[in-house]
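A short worksheet on the structure shown next.
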Amino acid sequence: MCRSALAFFTAALVCLQNCRPCPAPFLRAAWVFSVVLGLGQSEENRCTSSNAVSCTKCLALGPECGWCAQEDFISGGSRNERCDIVSNLINKGCSVNLIEYPSVHVIPSENEKNTQVTPGEVLIQLREGAKANFMLKIHPLKKYPVDLYYLVDVSASMHNNIEKLNTVGNDLSRKMAFFSRDFRLGFGSYVDKTVSPYISIHPERIHNQCSDYNLDCMPPHGYIHVLSLTENITEFEKAVHRQKISGNIDTPEGGFDAMLQAAVCESHIGWRKEAKRLLLVMTDQTSHLALDSKLAGIVVPNDGNCHLKNNVYIRSTSMIVVPTISVIFSLEGKINTSLTFLLIKKIGPIT
């Protein structure tokens, strides 16, 4: 009986792997009993041939071996006779309830939410030498969740592009409707570290870095989280419309610092665990690297943690810039966020 069941499940697995059509009852049974113990089919019974004299040693011989713990089993016989294939132990008179035979358990998770692969988690209990098989189902989501966060360089050279960003929210949400019915937008801004030589510390320019553009600018900042992820496109457009530009002195910006904060400050941004996370960086310049921070006397390494207070990055002037772009990309797998750069020369309509 045991061997016929094994042959059945093994055949089911082969059938599924070779993608051949199988009878429906056959497949249903293969799904319910999706564990194959992989019994050795050699002529020699390793359970008895190894002369195991303890339960631990017996069970370690192979997944087909069992140990009879019944006290009066084979009175006067050798202790190693307690180790055998389960069917043999039963035939010898051992009670089924007194046979130590750890089974393989495969428990798929039941509470799945917006996942393309089910089960998303599987709890497997194995014994030494055993094998476990389970089936994965891959299917497109009907409501694929997408979180898109705009991280915008608001230095003075970007002022024309920020104005055009007002129309991007509507255009993008319309395009994304073809791919997702669960789409959210967020917004944040950055400039640079607020110390010399990155910004001018002249009293007349400390609060308005872009006087050369005849514009009224907001004070420079390392990173400000402006709008948490929301389905309200109108709210996004209002946030962008209210955004003022700022300025600095040198050409590179503090983009890497801002990217790190936007990625790791999950609760502030509102990143959803089940959503596809997109971080879109809009800039017309490169970013400072780690050694640039020494120009301002900043030598404390960046710890990679979230440092937002009232939605403002408060460690911009006390920790060095994130060393390289490779550090940012190395975080993608940990925080499940895809990083995209939009290098601006001219923003046109989305097509």
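Beyond a 31 Å Cα-Cα separation, which of these cross-linked pairs lie in this structure: Lys57/Lys137; Lys244/Lys294; Lys238/Lys273? Don't jump to the answer; show the numbers that get you there.
Numbers: Lys57/Lys137 38 Å; Lys244/Lys294 29 Å; Lys238/Lys273 27 Å.
Listed pairs above 31 Å: Lys57/Lys137.
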### Summary
At R0 = 35 Å the Cβ-Cβ FRET efficiency linking Glu121 and Asn97, nearest 0.05, sits at 0.60
## Note on the structure
For Lys276, other-chain or 5+-apart residues with amide H closer than 5 Å (H placed, Pro excluded) are Val146, Asp147
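What FRET efficiency, computed as 1/(1 + (r/R0)^6) with R0 = 30 Å and r the Cβ-Cβ distance, is obtained for Asn232 and Val300, rounded to the nearest 0.05? Don't skip to the end; give the middle numbers.
Details: r = 39 Å, r/R0 = 1.29.
With R0 = 30 Å, the Cβ-Cβ based efficiency is 0.20.
Please give the length that would be gained between His268 and Glu128 if that part of the chain were fully extended, namely 0.36 nm times their separation in residues minus their C-alpha to C-alpha distance (nm, one decimal).
That pair, His268 and Glu128, stretches by 45.8 nm at full extension.
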### Summary
Here segment 86-94 yields Karplus 3J(HN,Hα) values (6.51, -1.76, 1.60; θ = phi - 60°; whole Hz; Gly and Pro given as x) of 3, 4, 5, 4, 5, 5, 7, x, 7
### Message
Out of the chymotrypsin sites (Phe, Trp or Tyr not before Pro) in segment 116-189, which ones are loop residues according to DSSP with at most 11 other C-beta atoms within 10 Å?
### Response
Phe178, Phe179
### Query
Where in segment 68-100 does the label zone of Lys57 land, with the point 7 angstrom along Cα→C-beta and an amide N cut-off under 14 Å?
78-84
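Computed from the coordinates by the stated procedures, all read-outs in this text should not be read as laboratory data. These numbers come from a predicted model, not from an experiment. FYI the Cβ positions are ideal-geometry reconstructions off the backbone, even for glycines, and counts take in every protein chain you see.
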